Amino acid sequence: MCTSIVYGRKSQKYLAYNYDYALVHGIIGTNLRGTIKENGRSGIDKVIRWEVKYGSVSFCSYSAELPTSGMNEAGLAITLMWHNGGDFGDDTELPQLSPLQWIQYQLDSCATVDEVIDSLSKVRPRKEHLPLHYTLLDVAGNHLLIEFVDGMPKIYRNAALPIMTNTTYPLCLEELAASKTGSSSGINDNTSIARFIHLADQRSAYLSNSACETDGIELLDSVNQTPGQEIDFPWNQKRDDNTVTAWSIVFNPLEKHITFKTASNPSIRAIDLSDIDFDQSADYRMMDVHCSIGSSVTEQLKPFDKEKLRDNITLSLPFIPGNEEDVDNLVATVDALYRTRVMPS
């Protein structure tokens, strides 16, 4: 599921994101500049190691270092969506990262969407059970849609309609055009295409000089998912209660500010990246995505706790391939990285 939209005026744009899934738990974590990481390669993967250039805040459904969205201190924000028909391909000529670690790699390494485009000639997301596509926005207001079709990256830089749902982007544009004549196949249903068309119709009202972060929450509320609305995703197991809008997030790159709410805590909360110490010598920090404090939550970021990470990963096991040994290995790897600041080989 999931939906993203870039809106706002030319001098200040925002990236609004609904994370829709069967599970609503998650953690928010900090990432520190200067750390050395690698790709946790499998037997067929080429080694890639990198030094983190930019600190960041990541929203993680499954585990730290495997985010679904985030923003770095340079103002680059990234979100993911499920992509019907997406295919990362089987080409292993380039080093590969998991589709979630690829997000963290970009937050660690890039300040602009053009740097992300350049990186596609150096490292790619690995084909796994998650076909995904991505929306990005940088501090200059440049935005980017990236999807993979038949193994090839399709790049839409500063597209006129920077909206992504779960359908291949050109098909969404075709259905939007068809909706003007009443011939769209998805306009009257709660589908990926219907959400795209709805937001395309709404977006023009959110491009003024008065646009703000709460406008993004309003846009996201208009396409929130509630149980029973869409049941054809693999994790749903044909149940009608398995997809909800777990989190709604608005990234403000220019001001390095994040606004969000969650299914279990609908109060609007905020994170100011300027309040966070991203130096390599600082503590890695984390908090529950449903944290209950008021408008500012930065002080709720507590030192990394590997047992809380283990609990979060374990909650995901009904929908993510893995067992207790896999959980132990992942927790140990992240814990070692955060203690030594170097990913073990």
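We did not get these values from a lab; they are worked out from the coordinates using the rules stated. If you're wondering where the values come from, they're calculated on a predicted model, not measured in any experiment. Glycine also receives a Cβ, built like all others from the backbone with ideal geometry; neighbour counts cover every protein chain displayed.
Please work out whether segment 1-75 counts as rounded, prolate or oblate from its C-alpha gyration tensor, where a ≥ b ≥ c are the square roots of the eigenvalues and a/c under 1.5 means rounded, while otherwise a/b larger than b/c means prolate and anything else oblate? Since a/c reaches 1.5 but b/c is at least a/b, the shape of segment 1-75 is classed as oblate. A cut-off under 11 angstrom between Cβ atoms defines the neighbours of Lys306, and their net charge, with Lys, Arg +1 and Asp, Glu -1, is -2. Please say if the chain is rounded, prolate or oblate, where rounded means a/c under 1.5 for a ≥ b ≥ c the square roots of the C-alpha gyration tensor eigenvalues, and otherwise the choice is prolate for a/b larger than b/c and oblate otherwise? Rounded.
Based on Cα contacts under 8 Å between residues 6+ apart, the chain shows a relative contact order of 23 percent. Quick check on segment 142-183: take the gyration tensor over C-alpha atoms, sort the square-rooted eigenvalues as a ≥ b ≥ c, and tell me if it's rounded (a/c under 1.5), prolate or oblate. Since a/c reaches 1.5 but b/c is at least a/b, the shape of segment 142-183 is classed as oblate.
Each of the trypsin sites (Lys or Arg not before Pro) that DSSP puts in a loop and that has at most 12 other Cβ atoms within 10 Å breaks the chain; the longest unbroken stretch is 240-345.
Sorted ascending by nearby beta carbons within 10 Å, beginning with the fewest, Glu73, Glu128 become Glu128, Glu73. Segment 80-101 and segment 322-339 have Cα centres spaced 23 Å apart. Shown for Cys212, Cys60, Cys2, Cys172: other C-beta atoms within 10 Å of each C-beta, ranked fewest to most, produce the order Cys212, Cys172, Cys60, Cys2.
Selection among Thr298, Met286, Leu136 by position relative to the dipole of the chain gives Leu136 as farthest towards the positive end (Cβ unit charges, Cα centre).
Candidates Thr112, Pro99, Ile155 compared by Cα position along the dipole of the chain: farthest toward the positive end lies Thr112, with charges placed on Cβ.
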